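The values are calculated or read from the model by the stated rules, or taken from the named source; none is laboratory data. Predicted model only: the values in this text are computed from it and were never measured. So basically every Cβ, Gly included, is an ideal-geometry build from the backbone, and we count neighbours across all protein chains shown.
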Amino acid sequence: MIKTDLIVKTFNAGDYKKVIDLSGDYLNEYNFELSSKRAQPSLVSRVVVGSYVFLGELKKALSLYKKAKSSLVKDDLAIVLFYLAIGQTRAGEFDSAKELILECHLLYKEHPKNSFIQFGLYQALGFLSYFRSRFRKSLIYAEKATEAAHDTKDISLIILAEDLYANNQIISGQIYSGIGALKKCYAKSLKARNMNLAKSIRVSVISFESQYGLLAKPIGTLKSHLKKIHPQNAYSRNLIWLALLNEYLNQGRLKDFEDHYPSAQKEVFKVTQHRHQILLRFKWAHWEFLRFNYEAALLELAKIEEALSLKNDILLLSQIYGLRYKILKERNPERAEQILSQLKFWQKITGSNQSTSHLMRIKGTSTVSQSQDKIGNMINEYYQSGSPDAIHQLTRHHRWIHFHDCLDHTLIRAHQFKRVLIMGFAQNRALYLTNQNWTFIEKPTSLVQKLVGRLSIEPLSKEQLVGLIWGYTYDPLTHDPMLMTLIQRARKYLELMGLKITVSDGIYHLDQPLLLSELSAKWASKTKTSSLQSAFQADGKLTYRQFQILETISKSIEPITIGNLIKMKKMSRMTLFRDLRELHLQNKIIRLGQGRGVSYVISS
């Protein structure tokens, strides 16, 4: 004799394979064609169809439905149609989902006051609208489904309806109230001992909290939760995988993303969940974007859009177009403007806070220098505190992905390079970006920066280097020791980045491409001056006049000559010579050249 209560209890606990095992012999032996509509076999068929759907075995679920359809009582038939509709919706088969919803609608016409049928119809419509990014419609259907579910007195159906309503609240901008409602659903599920629902809702809560930066330790929490989710629960595991990869992107942990992507890809593509597969591919495109591989990102976005052409998922399309806009806004302004118009149109349709906030972010009209200053101030804020956890605080409080968006203004050519060095930060720091990660290193001295900057543009000979760096006509006896010393210092500095200066037939060049970039001149000057001022003012050995000389030299981009110093400081030549000699003896400045060609720079 089949134990219906045990099967239902097993289904509610989320052990779908066991449900199928327990009911397998019974369903195989049961003659659906000869039977009348009876509650026991109807309920068993309902939970088995649900189990197949949640395991991603949609074909088996549809096959059982066709066999058992004639024996299902109307309440169970409505719920079965709902299960199949959400299965087809998750698989991206929207037309098939509509056909099942139409069946439910015909059933509703026959029994308009049946609460189970009302729930099945409105919940399926709400789910389909949600996946098609029609969030205003979905919210209306979810509200009606909630009313019908309360009339059924079935706690599981009530929780399902409230879960959909809460999801729509979050996506429509009511983030905190929506997450709070989801947590109440989770508590109700635990109280009802419906562990299947409880686990699914808990996954939704963690996924949204991660998305909106509400998790204290997001990566640790997501990894821990991934271990707890049963391998059968593919949908929930996919959500956690997507959230985890998103966190790696947000924090700039591009190597970790690359390492974990194959495992995520294996799981997400194991079961047909079209939307999750598209989202995973989109994250790969975003990873390419963050590595400055813009051509690769655009190619992947084009492939994703082609796969989405018949799916009409506006929210996914708006994400694709938003990333495309970021890449093209300064490379192809005309096309970027067309994309922006399309995004505005989709914003009106969806009513999603995600598309709205994304649109507002990419619409920003701040100038390049303002964006650069914003980056400098943001990072400098933490480095001035002197905390060893500055990087950790930076990635925690300011999402790295937004930091990258601002930084991209200064690195329009960076997609041609695998390594980028950005100067202009406080405490003699430079930001070093690679195709795998980013870090802060010591800023090079002005002469090392000049040498590396020149070699990053083109290979050069000794004669060219001396002329470009110091402005002298090359003389081997005079300039070889000076140049060799500088090259030795540059080689030592480049070791930090895994780069080398090589020489072939008297021509010097970098072994790998490197892009040097500066934050805005305004910010760089302000940071450098304030840093030098505090250092010089703290030095009790300096006179006020010497401090002014140092300040003038520090503001000069090129080495400054004695003649220029006299013009700027309005002092006698002898007084200036005396102060410069004392500053040189104190290692505050470096003297370059000899005789009338002598010039000075700040000692780094």
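If the condition is being in contact with a Gly (Cβ under 9 Å, 6 or more places away or on another chain) and of a type outside the set (A, V, I, L, M), then region 243-293 contributes N250, K270, T272, Q273, H274, R275, Q277. Annotation for region 210-228: at least one member residue is surrounded by 15 or more Cβ atoms within 10 Å (Cβ to Cβ) and over 19 Å from the mean Cα position of the chain (by Cα). Of everything in region 187-203 that is among the small types (G, A, S) and surrounded by fewer than 21 Cβ atoms within 10 Å (Cβ to Cβ), the residue that is modelled with the lowest pLDDT is A192. Answer yes if at least one residue in region 205-212 is under 24 Å from I179 (Cβ atoms) and touching a His at 6+ places or on another chain (Cβ under 8 Å), and no otherwise. Taking every residue of region 205-212 in turn, at least one turns out to be under 24 Å from I179 (Cβ atoms) and touching a His at 6+ places or on another chain (Cβ under 8 Å).
The rows are residues; the columns are (1) in contact with a His (Cβ under 6 Å, 6 or more places away or on another chain); (2) among the aliphatic types (A, V, I, L, M).
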position	(1), (2)
L81	no, yes
R90	no, no
A97	no, yes
L100	no, yes
I117	yes, yes
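Report whether or not S504 is polar (S, T, N, Q) and either more than 24 Å from G597 (Cα to Cα) or in contact with a Pro (Cβ under 9 Å, 6 or more places away or on another chain) (or both). Yes: the conditions hold for S504.
Looking across region 465-477, the residues that are assigned to a helix (DSSP H, G or I), surrounded by 14 or more Cβ atoms within 10 Å (Cβ to Cβ) and over 44 Å from the mean Cα position of the chain (by Cα) come down to V466, G467.
Scan region 261-307 for residues that are of a type in the set (G, A, S) and surrounded by 19 or more Cβ atoms within 10 Å (Cβ to Cβ) and the total you get is 3. Where helices (runs of 4 or more DSSP H) sit wholly within region 300-366, those with at least 1 residues that are at pLDDT below 65 and within 21 Å of R275 (Cβ to Cβ) occupy 333-350, 353-362. R202 fulfils the conditions (1) touching a Phe, Trp or Tyr at 6+ places or on another chain (Cβ under 6 Å); (2) among the charged types (D, E, K, R); (3) in contact (Cβ under 8 Å) with a residue 40 or more places away in the chain except for a single criterion, (3). Kindly establish whether L465 is touching a Leu at 6+ places or on another chain (Cβ under 7 Å), at pLDDT 85 or above and under 23 Å from E558 (Cα atoms). When the stated conditions are applied, L465 passes them. Kindly evaluate L55 against the criterion of being touching a Ser or Thr at 6+ places or on another chain (Cβ under 7 Å) and among the hydrophobic types (A, V, I, L, M, F, W, C). For L55, the condition - touching a Ser or Thr at 6+ places or on another chain (Cβ under 7 Å) and among the hydrophobic types (A, V, I, L, M, F, W, C) - is not met. Count of region 69-100 residues, restricted to those that are surrounded by fewer than 24 Cβ atoms within 10 Å (Cβ to Cβ), hydrophobic (A, V, I, L, M, F, W, C) and without any contact (Cβ under 8 Å) to a residue 40 or more places away in the chain, is 2. Inside region 583-604, residues that are surrounded by 15 or more Cβ atoms within 10 Å (Cβ to Cβ) and part of a helix (DSSP H, G or I) make up a count of 1.
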